[in-house]
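Have a look at the structure below before the remarks.
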Amino acid sequence: MKPLNFFFLFQSVFLLFSCQNYERKSGCHLDKMHIKGNVVKIETIVQSTMPLTEIYANAFDPQCAISTYAGNITIEFDNDGNIMHSTGYGLNGKEIFDVGKFNPDNDGSFSPSIPIGPGANQNISNIKTITSANGNVVNVKYYDGNDLIWNQKAYYNEDGTVKLIVKEYTKLSIKSDLINISYADTTTFCYLKYDNLGNWTETEVSYKGVLPMHAHSYKIKRQITYLEDDKKPALIDELSAYNKPNMTTTYATDLVPIGEYGTMRIPHYMALQSNDYINGVKDFIPSSLRNQMHNLFMSVYDDKDAYATISVNFIPGDGSNGFDDLSPEELEYDEEMNKFIEEQNTTIMAQGGTYVLKWLPYKFTTISGRRALKLTYYRYGNGSPIPVYCENYTIPMTDGNTICVIFSFQSNLYNRFYNDFENSINSIRF
């Protein structure tokens, strides 16, 4: 036999045995996920500025629960059609979890839930489900310990794909002899593209929260690799192109004083708040800092369709020259220092009822000739299912006192607010 013919014979035998080894079992994970075909891998990426994968990994245990609507996730399947490995990637495409063994507790592990909704310090630790005659999970009760957090109902299309999810928030219910109000959010799914086996490859998810400002829509792209397919490039490599920012900029601004230190410009749609409002906000500041921190001004977005703030605080100092005395070596990023700053700040914020979801590395920058420490993080919103994006600039002044400039907004509105707020920081003049 000629060598070339022998090569093709070997390839044919190898493919034959490979196909024979794959034997999808009835009731496997692929069945519960309503996915057709001999699937070996599913990859999803999300078009959103909200850190959805981070929310999912923080609220659920990725070793026990899975969702193809929850973010940037890669799932690998064994020859029976069951999950054997999953990996999650954050908003920036970097790995945030790697689960080598999947151990679902029950059918609720495959419920079509999306991650938006957990409270700041809630973790879904127990799930109870009700399934229909055809195996669809139609009712799921999510618990944090013994506390019922959500009562979720799901409705399906004829092909088994989820059509609508309604989550009732037990902690937001108001009940009395005269009134009974249950707060709920709704999520609808619009399937935009399918492959030749009828599995969806792109979906738009529309979330409608309890308040109008919490409405949010995002797209999910899904790549499915079947047994007979050639190896495909990793879908996560397309994340930056798929989630490319579409930023807006507003050029109309108002000039506001920063106490006696200087001025800055804020977008015209930001409204300066009264002393009564500012005093109310102080309730969220830890008591250890409340007497040290003095507000120079606070501005809030002046409409009800979004949340956004810019504030400047003054903290009396010890007379030192701040960050300008640091050496080049001290200005270099240090992982241990970042961990220390993160732990210190997250502890202080938690004392005031604010919980950090995702912490980004610190950095030093320059504002109007003064060196500043920039802290960036995502926190859970107070009474909001949408995490908030925050930037905090600590700027020691020449008199030894410190100015703190903070801006924040709903993370799903990053493209809407970020350029304007960055321009405000760059407009500061001391």
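Here the 3J(HN,Hα) profile of the stretch 340-350, calculated from phi with Karplus coefficients 6.51, -1.76 and 1.60 at θ = phi - 60°, is 5, 5, 4, 5, 5, 6, 5, 5, 5, 5, 5 Hz, Gly and Pro shown as x.
Under a 5 Å amide H cut-off, with hydrogens placed 1.01 Å from N, His85 pairs with Glu76 among residues at least 5 apart or on other chains. Using the charge dipole of the stretch 341-403 (Lys, Arg: +1 at Cβ; Asp, Glu: -1 at Cβ; taken about the Cα centre), state which of Gly381, Gln344, Tyr393 has its Cα farthest towards the positive end. It is Tyr393. In order along the stretch 202-208, the Karplus-derived 3J(HN,Hα) couplings, from 6.51 cos²θ - 1.76 cosθ + 1.60 at θ = phi - 60°, round to 8, 9, 10, 10, 10, 9, 10 Hz, and Gly and Pro are given as x.
Under 5 Å from the amide H of Ile149 lie the amide H atoms of Tyr142, Tyr143, Asp144, each residue being 5 or more positions distant or on a separate chain, with H modelled from the backbone and absent for Pro and chain starts.
Taking amide H as placed 1.01 Å from N in the peptide plane, Lys25 has its amide H under 5 Å from the amide H of Gly81, each at least 5 places away in sequence or on another chain.
With a 10 Å radius around each residue's Cβ, average the other Cβ atoms per peptide and rank 157-168, 46-57, highest first.
Highest-to-lowest ranking by the protection proxy: 46-57, 157-168.
Residues in the stretch 255-264 carry Karplus couplings, in order, of 8, 10, x, 9, x, 9, 8, x, 9, 8 Hz; the curve used is 6.51 cos²θ - 1.76 cosθ + 1.60 with θ = phi - 60°, and Gly or Pro positions show x. Highest average first, the peptides 139-148, 66-75 ordered by how many other beta carbon atoms sit within 10 Å of their residues are 66-75, 139-148.
Every read-out reported here was derived from the displayed coordinates using simple, explicitly stated rules and does not represent laboratory data. All values reported here derive from a predicted model rather than from experimental measurement. Neighbour counts are summed over all protein chains in view; Cβ atoms, including those assigned to glycine, are modelled from backbone coordinates with ideal geometry.
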